[in-house]
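What follows is a short report on a single structure.
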Amino acid sequence: MLTYQCSKYTKIRIKGISVPNISHYNQCSLEELSEIVNIAKEIKEHAQILLVIGIGGSFLGARAVIDALTPYFNETKLEIIYGGQNMSGAYLQELLSFIDKKEIYVNVISKSGSTMEPALTFRIIKKYMEERYGKEAKQRIIVTTDPETGILKRISEQEGYRRFLIPREVGGRFSVFTAAGLLPIAVAGINIKEFIRGAKRAENDFEDKNVQQNAAYQYAFSRFEMYQRGYSIELLASFEPRLNTLHKWWKQLFGESEGKDSKGLYPSTVSFSTDLHAIGQFIQEGSRIVFETFLDFEEIDADMKIPFTIDNIDGLNYLGGRSMNSINNISRDGIALAHEENGIPVHKIILTKLDPFHMGYLMYFLMKACVISATLLDVNPFNQPGVEVYKRRVRELLLKESSLLLTMKQT
Ligand code: PA5
C-alpha cells in the first residue's frame, strides 16, 4: 500500500512520543456524506461549471485530488474552475467572461469567512449570480464554513444558502476529508467513499504503537534527522505531472504547520523530469542544503508504447517497444543514483496505485507525519500566527487607504 524507504545516508532512531490525535479529521457522518453525494449529483445534472472559491487549505486539498485523478485533457460536460486564490482583477474579469452563458454552480469555502481573497471574489460572484439567476441563485450557491461563527455563516443564514460545515477543530490544511474537500471531489466524479476508505485504513495503520514499523513515524523522524544535520530544504519530487497540485498541498501542509518559532525545514517541490532542466544543476552540484523525498506510484493506469521506425533517424529504436512509464521509472532510478553519488540523501514514499483509495491513504499519511514532525520540532502544527500577521497588516493598510480616500472625497 505505502512504503517508506530511507536514504542510504540516514540512520533514523525512532522512539515513541506523544503525538496529538487527528483521527477526528476523517469523520464525515453517513448523513453528511449522502448529502454531499446528492448535491454533487444535482450539480452534475444542472451545471456546466462548478466555481470553487477558496484559498490555501480551503481549496488545495480538493484540487490536489481532482488534478491527480482526472485526465490531463478532459472534455467533460462539467468543468471545475477555481477563484478566490489571488487579488488579480484581470483573473476575475476573465473568469466572469468565461462563465457567462454557461450554467454555473458556486461552492464558496472559507472556515473563517473573512479571508480577503475569497471574500472579495465571493462578493463579486454573488452579485453576478443574483443578477443572472434572480431567486434561483440561492439554489446554486453552496457554502462550506465554520459551524459556529464567521461572516460566511451569517451570509448563508440570511440568504438561505445550503451549507456544509468544517468542524471547529479542523484547520484548512487538514480539511480535505470534510465537505471542504469532499464536495468538489465528488462533483469531479471521483469515488469519495473509496477516498475516505483509504484515509480510514491509513488512520488505522499509522496508529500502530510499534513505531519502528510505522511509515508515518519513519518519514517524520528521518526529516527531523535531516533537519538536525543542517539540511534546510526538503524537496518533494514526483514523476507524474498530475501530482503538481498535490505538491502545492504538501508544501502548504508542512510549511504552515512547521514553519514557526524560527524552526522547520523549507518545503519545496520538483516535478521530474521537467525540473531537472531547470533546477537539476543546483540539486546535483549547488549548496548542500537540500535532501529529497521521491513520491512515486507503482501503477498508473494510462501508458504509451514507443514505436519502432524503419529509418531510425532519431536513433531511438533501442527504446522501441518499451512503455513511456517504464522509461520514466528507469529515469527515476538514474536520478536517484546521480543525486546520491553526490551525497544528496534521497528518501522514497512509494504507493501501490494512483487511485482514490491510495490518494486518501497518502494524504492521511502525510497529515499524520506532519503532526509527528511538528511534535519533534516542538511547534504547534495547528495554528498559523505568521499568516494572521500578514492578513492583519493588509487589512490595516486597506482601511487606512479607504478612510483617506473618503476624507479626500468629503473635502
Ligand atoms: O490551512 C489553513 O488554515 C489556511 O491555509 C487556510 O485554509 C486559509 O488561510 C484560508 O482560510 P479560510 O478558510 O478561513 O478562508
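Worth a mention:
- Within the accessible area of the range 145-187 (1.4 Å probe), percent carbon and sulfur: 48 percent
- Probe 1.4 Å, all protein chains present, accessible-area order of L354, L405, largest first: L405, L354
- Translational diffusion coefficient (Stokes-Einstein; Kirkwood radius from C-alpha pairs) of the range 207-288 at 37 °C, 0.692 mPa s, in µm²/s: 230 µm²/s
- Where Y390, Y25 fall by accessible area, highest first, once all protein chains stay in place (1.4 Å): Y390, Y25
- Solvent-accessible area per residue for the chain (1.4 angstrom probe, square angstrom): 49 Å²
- Over the chain, relative contact order from alpha-carbon pairs under 8 Å, at least 6 apart, %: 23 percent
- Share of carbon and sulfur in the accessible heavy-atom surface of the range 43-127 [1.4 Å probe, %]: 55 percent
- Given a 1.4 Å probe and the protein chains as shown, E396 ends up with an accessible area of around 90 Å².
- For Y390, the shell of other residues with beta-carbons less than 15 Å away shows a net charge of +1, using +1 for Lys and Arg and -1 for Asp and Glu.
- Using alpha-carbon coordinates, inclination of helix 192-205 to the longest axis of the chain, degrees: 50 degrees
- Kirkwood Rh and Cα Rg combined as Rg/Rh, the chain: 1.00
- Probe 1.4 Å - accessible area at E401, Å² to nearest ten: 110 Å²
- Relative contact order of the range 232-289, defined on C-alpha pairs under 8 angstrom at six or more residues apart (%): 48 percent
- Over 27 Å (Cα to Cα) - which of K8/K251; K263/K348; K41/K126 fall in this group: none
- Percent antiparallel among DSSP beta bridges (both partners in the chain, rounded to 5): 10 percent
The values are calculated or read from the model by the stated rules, or taken from the named source; none is laboratory data. Since we're looking at a predicted model, the values are computed, not measured. A quick note on method: Cβ atoms are made from the backbone with ideal geometry, for glycine too, and the neighbour counts reach across all protein chains shown. Heavy atoms of the whole protein, side chains included, go into the accessibility calculation; ligands, DNA and RNA do not. Shrake-Rupley method; radii C 1.70, N 1.55, O 1.52, S 1.80 Å.
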